[in-house]
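For reference, the structure discussed in these notes is given below.
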Amino acid sequence: MKATEVLRRYAAGERDFRGADLRGQSFKGRDLSGADLSETDIRGANFTHANLSGANFAKAKAGLQWHWMIGQLILSFGLAALAGILLGYASNLTAFSLLDSKYPSAMGLLLLIFLIVLAVVIIRHGFVVETFGTLAITLSIAFAVTFWLLLTADRVVAGAFALVVIGMVAGMIAIAFATAFAGGLLGAIALPFVGGFAVAVVGVISAKAAFLNLTPMMLALALLLAVVIGLLGVFMAWCALQRNSKYVLLRKLSVAFNAIGGTAFCGATLTHANFSQAALRSTNFNSTRQRQTVLDWVCWQAAKQLDRARVGSSALANLAVCDLLVTGNGYKKSYADANLRACILDGANLEEADLTWADFSCSSVRAANLKNAILREALVLNTDFTGSFFTGACLEDWNMDSYTNLDQVDCQYVYLLRDQKERRPSSGDFAPGEFTKLFQEVISTVDLIFRNGIDWKAFTYSFNKLVLDNEGTELSIQSIENKGDGVVVVRVNAPPDADKGRLHGEFNQTYEAAVKALEAKYQAELKAKDEQITIYRQQSADMLEITRLMANRPINVQAYAEAKSMNNSSDQSRTTNFTGNINATNSVVNLGEISGNVSNTIQQLQQSPQPESVQLAAWLKELQTAIETEPNLPEPDKAEALEQIGTLAKAGENPQDGTLKKLSSTSVKILKGTIASLPDAAKLAEACAKLLPLITKVLGI
């Protein structure tokens, strides 16, 4: 059927073109969205820049037409003949130089060494950039030897040496390309035929090289050398066909060559297209300069020889991902850091698969088996997991959003940390629907995870800055949980529509800078090395009473939404005045200066005409004195606690300021966390137990 006839019928409303013969037809830039092209013969057809959204190519036959296939095979055998000629002359000259007394024996030995180095480099490193670098160095040495021969021997000897080196390298590469190109069309069965053809040419060249007066021994040695070099080329082609990662460059060149003249979907829109059971060898899905090929939500189930199609930089370029999309079998396989965006993985078996850092955003993973899978830090934004099986999966820090669909998920239990730690639920199994409800609640939180304890001074500064830099976003601390081994999780409430990845990134950036600024002071005070700093933080995190302070805490799930490309764009032009813990030059304010600042703030509060403010100032002054005189509290903790008193005093001065009210609530929680490690009989602990409830009542928090 001609393209004009198809387009005419399509314009008239017809969509059924099943079984049509469309070989060599051009639909470039045309709209065939929703067309049923199943079981059609589209070999050599051109769909460049076409709109094929929702088109059905099930069981279609794509790729090369016969005349293109025959042409490529002729070129492959022609390249093999060229390889045979190069290897023939190179091997004959090498044998002649080794066994003829007229030539320097050193020349023959150098040629053998060169051949051995060539073989070792190819077998060990493969067909990669490092191989070409080694070959370049070897060729440089060869040409240096040629120059030396020009000075010490005659020009014929030098020319023969240079010709042998060039012939060996060029012949080997030529036979590798020839066998790879033919193998891409006919499979591994083509390799011995193409390689044998090249060796046959070598034999003809050897028989015709009468001018060298080869003896039978020389001829046998020449054939042996040619066979060894030819086998190296065939070996490279075979490894490329077997998808060996060391020969990916040769494989890509072979796929690109075989796609010339094949079915072209370059720059086409194939959203929701169906290629199930289609034959796709020698098909081109590469993008063009004008337009990118769109392969979102394409069904590749049981597609044939998709790995021999040219797929550009799409997710299919990863052969493991390509196999998964075709077979649906990822049992115990690794897809770490794999691009699985906008893919169809419905019903896939991903049991015990390693999906660490994998990007499932916008993908359909319905009714998939994810039993015992590792989804640590996986990106599952707007991913549909409807009806999938999650029992035993590790969901540490996986990143989801409000569009992630967990309806009808079948799950008995999951783990929130690697190595099957932090089981949820802690005992028993999830009730029906409980897993979905649990993670839907997580959507409204950002988890700040600290693996070496918390530097509370740096935390206070960082969190306050985050709140003030995002005034339009309601942020508050929901819970603080000590996980043990120095791991502390601070869960922050955030609106469902907030950019949690950006918030998490901004906090981390500020926190890391604050920690670096404070480390100098910790080292001076503790007279310790980095390990002692870590111990100090772990001691700060070892607050057994924190969990007691968090009554009726919801089930904790480590699932902060860390976007792959964070936009760490905190407003640098904005000046925020904190109580003086870290200034612009990252210097640390001393305890006396902090105490003075707090006293000034409390004094201003005392001047308020409101009786409640005067009483609040008195309570804060009493707490300030208790903090400064507490012998069991280290100076860094004293400085931090005093800063919280300053924040509470500012909140008392401005009772209508919503931002300060949120900060004061955080300050109260941090004060409770700070005194949790003190003995119950400590004066500061008694003062906080008596005064904090009164202060929170006055501030309305």
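Here are the numbers for this structure:
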| quantity | calculated |
| --- | --- |
| Taking only Cα atoms of region 332-441, radius of gyration then Dmax in Å | 12.3, 36 |
| Quotient of Cα Rg and 2.2 N^0.38 Å for region 623-699, N being how many residues it contains | 1.06 |
| Environment charge of residue 67, counting only residues whose C-beta is closer than 14 Å and scoring Lys/Arg +1, Asp/Glu -1 | +2 |
| Cα centroid separation, region 233-304 to region 640-699 (Å) | 63 Å |
| Positive-end residue of 277, 230, 253, charge dipole of region 227-300 with Cβ unit charges | 230 |
| Under Karplus coefficients 6.51, -1.76 and 1.60, residue-wise ³J(HN,Hα) of region 425-431 in Hz, glycine/proline x | x, 4, 8, x, 10, 5, 6 |
| Cross-link table 333/437; 2/61; 421/672; 465/621; 252/333, entries beyond 19 Å C-alpha to C-alpha | 333/437; 421/672; 465/621; 252/333 |
| Charge sum, other residues only, whose C-beta stays under 13 Å from residue 654's C-beta, Lys/Arg counted +1 and Asp/Glu -1 | +1 |
| Net charge, residue 273 excluded, C-beta distance under 12 Å - Lys, Arg +1, Asp, Glu -1 | -2 |
| Under 5 Å, built H, 5+ apart or other chain: amide partners of residue 26 | 3, 46 |
| Gyration tensor over alpha-carbon atoms, region 280-409, equivalent ellipsoid semi-axes in Å | 25, 16, 13 |
| Residues whose placed amide H lies under 5 Å from that of residue 414, excluding near-sequence neighbours | 392, 424 |
| Dimensions (Å) - region 210-367, Cα atoms, principal axes, largest first | 73, 39, 26 |
| Residues 322, 266, sorted so that the one with the fewest Cβ neighbours within 10 Å comes first | 322, 266 |
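Any read-out appearing in this document is the output of simple, stated calculations on the displayed coordinates, not a laboratory observation. What you see is a predicted model; the values in this text were computed from it and never measured. Here Cβ is always computed from backbone atoms with ideal geometry, including for glycine, and neighbour counts include all displayed protein chains.
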